[in-house]
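Notes follow the structure.
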Amino acid sequence: MSKTEPFNLQKERCKLAHLNLRSELHGEESSPAIDLKFEFDSANNLLAKLHPDLRATYYCKDQNRELIESDHLPALRFPLLDPTIGWKLEVPRTLLRLHVEGGDVVLGGGKTNNFKLTMKEGGTVNWSFRVQFSKPDPVAIAALSGLLQQVVPITLECRDQDDDEGSGDLFAQVEKQTRAPKSEARIQAEAMFSGQGAPVDQLPATLATPEEDPDFQEVKGAGQADDVVDAEYVPPAEGAAAAEPASNVEPIGRGRRGGAKRSAGGGNLE
């Protein structure tokens with residue numbers, strides 16, 4: 001695949017056809033992993049994402065119907081050829097977003113492979129591909145299990161291993177966040193809001209603040225909500241002299257005391 005045209009999808013409506021939970025070895029340690037198979041239909045011009053000559057290899061113009069010169073290629077060039085082909089491509093860096101109600105389900109640090117294409121008469125191509133992730137988020141697994149055999153908009157970002165490597169780009173940051181372990185504060189928040197919700201009178205007044213939790217940062221010396229200072233106005237004692245006005249305030253329209261009005265340049269106006 002050319003680096004200038006990676007296999008990306010932007011809110012493409014895809015069917016989550018299969019979900020496979022498994023374990024894989026990292027050295028001597030076993031860790032969970034997940035495989036997701038997606039399917040969708042597209043026009044055959046999307047074949048250019050894999051190779052610029054792929055469409056013209058399998059499709060041609062319909063000589064019986066094409067009266068106007070165009071680049072539309074709806075007819076199968078070889079109708080007796082098996083219409084399903086495999087494309088041996090593996091993209092080592094994949095970021096997947098499933099756009100569902102209640103917020104996106106995001107998985108990062110995966111890879112995309114096992115492409116299969118079925119060419120159909122009329123110019124439609126059925127795509128299927130697999131996305132694999134190691135150590136997926138348990139919350140994401142639960143959300144994905146409820147989407148099995150459903151059509152959902154997905155955004156798929158694929159990059160080669162050496163693209164933007166070490167540059168700290170947003171793609172790498174999201175990958176890192178999706179693979180990072182959850183803090184205790186996030187676990188408490190997800191447990192609190194994941195269900196239908198509790199009655200207001202049963203909600204806790206506040207969440208506990210775990211010690212050394214990076215999601216909680218206490219401001220040293222900050223006052224509490226109940227630290228209210230009461231202030232009381234004390235009138236001056238009876239018979240006390242009233243405060244005199246400031247002597248350096250000059251009324252508008254009058255000259256200086258004992259003198260005439262002066263202009264901005266210093267001259268007398270009277």
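The values are calculated or read from the model by the stated rules, or taken from the named source; none is laboratory data. Just so we're clear, the structure is a prediction, and the values are computed from it rather than from any experiment. Using ideal geometry, Cβ is built from the backbone for each residue, glycine included, and neighbour counts are taken over all protein chains shown.
What to note about this one:
- Only strands (runs of 3 or more DSSP E) whose full extent lies in region 44-161 are considered here, and the ones with at least 2 residues that are under 24 Å from the mean Cα position of the chain (by Cα) and modelled with pLDDT under 95 are 91-98, 105-119, 151-159.
- For residue 10: the one exception among (1) assigned to a loop (DSSP other than H, G, I, E, B); (2) in contact with a Ser or Thr (Cβ under 9 Å, 6 or more places away or on another chain); (3) in contact (Cβ under 8 Å) with a residue 60 or more places away in the chain: (1)
- A count restricted to region 15-35 and to residues that are outside any strand (DSSP E or B) and touching a Pro at 6+ places or on another chain (Cβ under 9 Å) stands at 0.
- Region 1-37 - residue that is farther than 23 Å from residue 142 by Cβ and hydrophobic (A, V, I, L, M, F, W, C) and, of those, modelled with the lowest pLDDT: 1
- Count - residues of region 48-87 that are of a type in the set (A, V, I, L, M) and either surrounded by fewer than 12 Cβ atoms within 10 Å (Cβ to Cβ) or farther than 15 Å from residue 125 by Cβ (or both): 4
- Hey, residue 111 of a type in the set (Lys, Arg) and crowded, with 16+ Cβ neighbours inside 10 Å or not: yes
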